[in-house]
Amino acid sequence: QWICRRLADLGWPCGRQVAIPDTGADIRDATLEALQRADWVITTGGLGPTSDDITRDYIAQLLGRKLVVDVPALENIRGFFAARKRPMPASVEVQALVPEGAIVIPNQHGTAPGLALRVEPGRYRPEGSWLVMLPGPPRELRPMFDHHVVPLLHQWAPRSGHTGQHIRAD
């Protein structure tokens, strides 16, 4: 809801908001439907290190992209634990895996980076689309949205007066 309100305040009304369970089929189906309907799709959650954090994996599979280690993201994760003088569980390194070609959005308040992907024209929509994935915790996603996603929107999405422009937050 926060993202939809924020988008509307900035001049990009949100066309649809959907909540889905953390299952592979639901993530795949909802993302596929959203990519077929909207110019911009924003997801939250499912990027962490736990067994139910599968959004990154299913979206990479849906887009036919390999997951690759993003070294700066891995260094950020290591730095997060080092700054707190805590041992880093090996399981958190999975958060540094990103779909090939993704723009990695740094997380200053946690370990899971956000991701932005340009989905090529013709794959799901003739004009293509953008898919943005943000971590779920509000203290992480809100600054990432304001500092990184909003500039992308300004660069790549016309304001609400443009017909056919839809933004969907899942």
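The values are calculated or read from the model by the stated rules, or taken from the named source; none is laboratory data. Every value quoted in this text rests on a predicted model; they were computed, and no experiment measured them. We place every Cβ from the backbone using ideal geometry, glycine too, and count neighbours over all the protein chains shown. What goes into the accessible areas is simple: the full protein's heavy atoms, side chains included, and nothing from ligands, DNA or RNA. Shrake-Rupley method; radii C 1.70, N 1.55, O 1.52, S 1.80 Å.
For the reader, a short list of remarks on this structure follows.
- Angle in degrees between helix 71-83 and the longest Cα principal axis of the chain, rounded to the nearest 10: 50
- Solvent-accessible area, 1.4 Å probe, carbon plus sulfur percent, for region 16-99: 54
- Helix 24-37 axis, angle to the chain major axis (alpha carbon atoms, nearest 10°): 40
- Solvent-accessible area per residue, Å², over the chain with all protein chains present [probe radius 1.4 Å]: 49
- Calculated FRET value between F81 and D22, using beta carbons and R₀ = 30 Å, to 0.05: 0.75
- Bridge orientation summary for the chain: considering DSSP beta bridges with both residues in this region, about 50 percent are antiparallel.
- For the residues Y58, Y124, a 1.4 Å probe over the protein chains yields an accessible-area ranking, largest first, of Y58, Y124.
- Ligands, DNA and RNA aside, D9 has an accessible area near 120 Å² when probed at 1.4 Å.
- Surface composition of region 100-161: carbon plus sulfur atoms contribute 54% of the solvent-accessible area (1.4 Å probe, protein chains only, all chains present).
- Per-residue SASA entry for E100, accessible area with 1.4 Å probe, Å² rounded to 10: 80
- Ligands, DNA and RNA aside, T44 has an accessible area near 60 Å² when probed at 1.4 Å.
- Additional length obtainable on full extension of the chain from Q1 to L67, 0.36 nm per residue less Cα span: 20.8 nm
- If you take the alpha carbon atoms of region 28-170 and fit the smallest convex hull around them, that volume is 103 Å³ per residue.
- Accessible area per residue (1.4 Å probe, heavy atoms of protein chains only) ranks M88, M133 as M88, M133, with the largest value leading.
- Ordered from longest to shortest, the equivalent ellipsoid semi-axes for region 70-135 are 30, 10, 8 Å, each the square root of 5 times a Cα gyration tensor eigenvalue.
- Order of exposure, largest accessible area first, which applies to V18, V132 with probe 1.4 Å: V18, V132
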